[in-house]
Amino acid sequence: MKFENFWYVVALSEQLTAKTVLARTVLGEWLAIFRDEQGQPVALRDRCLHRNSRLSAGTVKAGQLQCPYHGWRYDGSGAVVAVPAEGNCPQGAHKALRYATCEQDGYVYVQLASDPAVEAVPFPMPHYQAAGWSTVRIVNRFQNTVTNCAENFIDIPHTASVHPGMFRRAKQQPLAMTVTRQAGRVTATYRNETTNLGWFRWFLNPQGGEIYHVDRFFMPNVTSVEYDMGRSRRCFITSQSIPETEGSTLVYTDVTFNYGIWTHLARPLVRWTSQRLIHQDIAALALQQQAIAKYGQHFAHTPADTIHVFVESIREAIAAGKDPRQLPEKSVDVNFWV
Ligand code: FES
Ligand SMILES: [Fe+2]
């Protein structure tokens, strides 16, 4: 197994219009993304076969991508179908490197491996466009690795210091969690969660009852945080962390919620709050990356970091060409304080 086997988001479906070409980087590979005549997404290596200009700087006309330099035109299969300097006749069977694409839940995905050793499918986004639910979608770039981003998104101990007041306050309240690693997934189930939810506690959990809170990691790059505070108080924060280069990760975040009659009205507030929280995380992860770039990555773990140890074991297995679903199943009970 390798990271290239999986499907990675490269665009929101709505971003990719009939006239758009997008430049993307996934696992170091440069891509030019556009739609063919049938409206299907196409991903070509972002390099013209002629004199190697970048196709992503070109233009799309009637489902064909035209290079910005001498105007060679490529169709959705990557074939060169017109060479202007030769009377628009194709010259030989030139074909650009083309990657598999698909579209699901309003996202365009690319898979880099041409012969995937494993059967991978795009992650189904929880309750996307389901009745009674609404999704706010946000895209942000982090200067850090996918592993460190994913760990941050399911890390409670940082919330009181990185998001003071807004999300949590340092109260040194005991929390209990059960962390399980199984089949390429990590699941953390929390207990004793009640009121320490920051500014919006009065709205999120007016009765102050126990909160059902589960954090999940799905190999290789998806995290999903689930809060259930009773009927019409449910929320999923699902993030797909896309590896661009070693120090750069593009993160697509869906905040999908069901707040009953407030669901639609709450959208602007949910967007504003989520983006503000994410900006705080971007700053925190930039600091971490600076120190790692200078001194290397050497983590000191405590029991509260069990979730990270499991996530790292899964991503390290893939990096080593192994199948993390073969790792032994493990379940650990941990007490920690927030
Ligand atoms: S470099 Fe693309 S057409 Fe010449
Ligand atoms: Fe955070």
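Details
- Here W7 sits with roughly 40 square angstrom of accessible surface, probe radius 1.4 Å.
- Two-site label geometry, S232 and V139: point separation in nm, points 7 Å out along Cα→Cβ: 3.5
- Gyration tensor (alpha-carbon) shape descriptor, region 9-67, a/c threshold 1.5: oblate
- Helices of the chain meeting both criteria, an alpha-carbon length of 15 angstrom or more along the long axis and an average Kyte-Doolittle score not below 0.5, with helices taken as full DSSP H segments, are 306-319.
- Full-extension gain in nm, H70 to F299, via 0.36 nm per residue minus C-alpha separation: 77.3 nm
- Helix-only mean residue ellipticity at 222 nm for the chain, each DSSP H run of n ≥ 4 adding -39500 (n - 2.57), per residue, nearest 500: -5500 deg cm²/dmol
- For Y128, distant residues with modelled amide H under 5 Å away: none
- Relative contact order for the chain, counting Cα pairs under 8 Å that sit 6 or more residues apart, in percent: 19
- Sequence-separation-based contact order of region 1-137, relative, with Cα cut under 8 Å and 6+ spacing, percent: 25
- Proximal charge balance of G28 [Cβ under 10 Å; K/R count +1, D/E count -1]: -3
- Sparse-neighbourhood loop sites, trypsin sites (Lys or Arg not before Pro) in region 40-129 - DSSP loop, at most 13 other Cβ within 10 angstrom: R51
- Table column - 3J(HN,Hα) (Hz), region 178-192, Karplus curve with 6.51, -1.76, 1.60, x for Gly and Pro: 10, 10, 10, 10, 7, 6, x, 10, 10, 10, 10, 10, 9, 10, 6
- Note, ³J(HN,Hα) from phi for region 224-231, Karplus 6.51, -1.76, 1.60, rounded to Hz, x at Gly and Pro: 9, 9, 10, 10, 10, 10, x, 4
- Net charge over other residues, Cβ less than 15 angstrom from the Cβ of S134 (K, R count +1; D, E count -1): +3
- Heavy-atom surface analysis with a 1.4 Å probe gives region 237-295 a carbon and sulfur content of 66 percent of its accessible area.
- Cα-based Kirkwood hydrodynamic radius, the chain, one decimal, Å: 21.7
- For the set S331, S13, the ranking by accessible area, highest first and with no ligand, DNA or RNA atoms included, is S331, S13 under a 1.4 Å probe.
- Taking a Cβ cut-off of under 11 Å around A18, the surrounding Lys, Arg, Asp and Glu residues balance to a net charge of +1, with basic ones at +1 and acidic ones at -1.
- Rounded to the nearest Hz, the phi-derived 3J(HN,Hα) couplings of region 239-252 under the Karplus curve 6.51 cos²θ - 1.76 cosθ + 1.60 (θ = phi - 60°) are 10, 10, 9, 9, x, 8, 10, 3, x, 9, 10, 9, 10, 9, where x marks glycine and proline.
- Per residue accessible area of the chain, 1.4 Å probe, in Å²: 48
- Rounded to the nearest 10 square angstrom, T178 shows an accessible area of 30 square angstrom against a 1.4 Å probe.
The values are calculated or read from the model by the stated rules, or taken from the named source; none is laboratory data. Just so it is clear, the model here is predicted, and its values are computed rather than measured. A quick note on method: Cβ atoms are made from the backbone with ideal geometry, for glycine too, and the neighbour counts reach across all protein chains shown. Heads up: the accessible areas ignore ligands, DNA and RNA and are worked out on the full protein's heavy atoms, side chains in. Shrake-Rupley method; radii C 1.70, N 1.55, O 1.52, S 1.80 Å.
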